[in-house]
1. So what does the Cα-only Debye profile of the stretch 98-200 read at q = 0.11, 0.19 Å⁻¹, as log10 I(q)/I(0), no solvent term?
2. Take the Cα gyration tensor of the stretch 37-183, multiply each eigenvalue by 5, square-root it, and list the three semi-axes largest first, rounded to whole angstrom.
3. Given a 1.4 angstrom probe, what's the average accessible area per residue across the stretch 53-200, in square angstrom?
4. Could you tell me which trypsin sites (Lys or Arg not before Pro) in the stretch 87-175 are loop residues by DSSP with no more than 12 other beta carbons within 10 angstrom of their beta carbon?
5. At most 13 other Cβ atoms within 10 Å and a DSSP loop assignment: could you name the GluC sites (Glu not before Pro) in the stretch 73-178 that fit?
6. Determine how large the accessible area of residue 129 is when every protein chain is in place; take a 1.4 Å probe and give Å² rounded to the nearest 10.
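The values are calculated or read from the model by the stated rules, or taken from the named source; none is laboratory data. Bear in mind that the values here come from a model prediction, so they are computed numbers and not experimental data. Backbone-built Cβ (ideal geometry, glycine too); neighbour counts: all protein chains shown. All accessible areas refer to the heavy atoms of the entire protein, side chains included, with ligands and DNA or RNA removed. Shrake-Rupley method; radii C 1.70, N 1.55, O 1.52, S 1.80 Å.
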Amino acid sequence: MSGEPSREEIRGLVTAVVDEVLGDASNPASQEAAARSEADARSGAAGADRIAVGADHGGFALKERLAAELRDRGHAVTDCGTHSTESADYPDFAHAVARHVADGSCDVGIVVDGAGIGSAMTANKVPGIRAATCWDVSSAQNSREHNHANVLSLGAGLLGENLALQVVYAWLATPWGGERHARRVNKITEYEGRYLRGQR
């Protein structure tokens, strides 16, 4: 529709906001933000070829199944752990996944714990991350199309493996809608930037 910003204009706006928040482009933090924006553009336009996965002990079995399935489908999977069913803290693995997405080394991330809530909370503390807990195909598609989610959080205690796989495949296959949704997602970035600058 006429009057709505183009993708290039939106990317320019995001870059300007990131530059204002993080400072000079020669700063390593600014370079990281630029990589994050580039990763966002890739995941919205060309799919998610590089996927970071992580889980606590409660999500270990499902994470292992997801990683194997994704590799079989040709994705490059970075496994952030855990690597056993021994008790482990979900924030550590959610943070590791979120960092891979934020720094651009992975296009998107998938985190798994018992309910999928705590891992999403943790991932969303990392600037540039939009983690969504999804329990079905519809919420997965909505989180990508409307909210440009770049981390998917799953609850292994609430989803069977087959449904979890359906959710993952739907999430990965759904493109970012852009256009009217972009204004709202830009506001998420804007509010995040205010707190990074110590404002409200």
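1. -0.33, -0.93
2. With the √(5λ) rule applied to the stretch 37-183, the semi-axes are 22, 15, 14 Å.
3. In whole numbers, the stretch 53-200 has 46 Å² accessible per residue.
4. 125
5. 86
6. 10
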